[in-house]
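The values are calculated or read from the model by the stated rules, or taken from the named source; none is laboratory data. On a predicted model such as this, the values are computed, not experimentally measured, just so you know. We place every Cβ from the backbone using ideal geometry, glycine too, and count neighbours over all the protein chains shown. Note: areas computed on protein heavy atoms with side chains; ligands, DNA, RNA excluded. Shrake-Rupley method; radii C 1.70, N 1.55, O 1.52, S 1.80 Å.
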Amino acid sequence: MARLTAAWAGLAVFLVHAPVALAQPGRLGGGGSLNLSLTRIVMALLLCLMLAALAALALKRGGGRIALPRLRGLVAALPAQRRVEVLETRRVSQYADVCLLRCDGREYLVLCAQQQQLLLRESECAVPAPAPASAEPAGAEGEAG
């Protein structure tokens, strides 16, 4: 019976003080206002709706599936192969790495430390650099005609 009386007393105190707490102009969490303009909110909504429409069109064109080979074609259309390749990297100490690089048909063995880089060896490539996928094989022009 004492617990029930204490619960009713707590509820009564809450109901008496609730209108005062709700009438105060304080903000939730005590933070300041967000200062978001209506234009910014509407533009974000339009951007999300356009992205959803593009995703729906992509699904509709693919018959409910997104064509991965077509996406791979987009990636293949990116810029051609880069001139500098990092073939291998090994940590030799806490502060230094040894890197094997290839650039323009030459290989370089470089020690990369915290304060300096040191060229350890430079040589011709043992294996030729792979040709870009778009290049035609040698003699392909004469076979077409």
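Test GLU85 against the stated conditions and say whether it is open to solvent by less than 90 Å² (accessible area, probe 1.4 Å), in contact with a strand residue (DSSP E or B) (Cβ under 8 Å, 6 or more places away or on another chain), charged (D, E, K, R) and at pLDDT below 90.
Yes.
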- Any residue in segment 112-136 that's surrounded by 10 or more Cβ atoms within 10 Å (Cβ to Cβ): show its pairings with residues that are in a loop (DSSP other than H, G, I, E, B) and modelled with pLDDT under 90 at Cβ separation under 6 Å, as long as the two are six or more apart or on different chains. CYS125/GLY105
- First in segment 80-96 and under 16 Å from LEU118 (Cα atoms) and assigned to a strand (DSSP E or B), second anywhere and open to solvent by 80 Å² or more (accessible area, probe 1.4 Å) and of a type outside the set (Val, Ile, Thr), Cβ under 9 Å, 6 or more apart: ALA96/GLN114
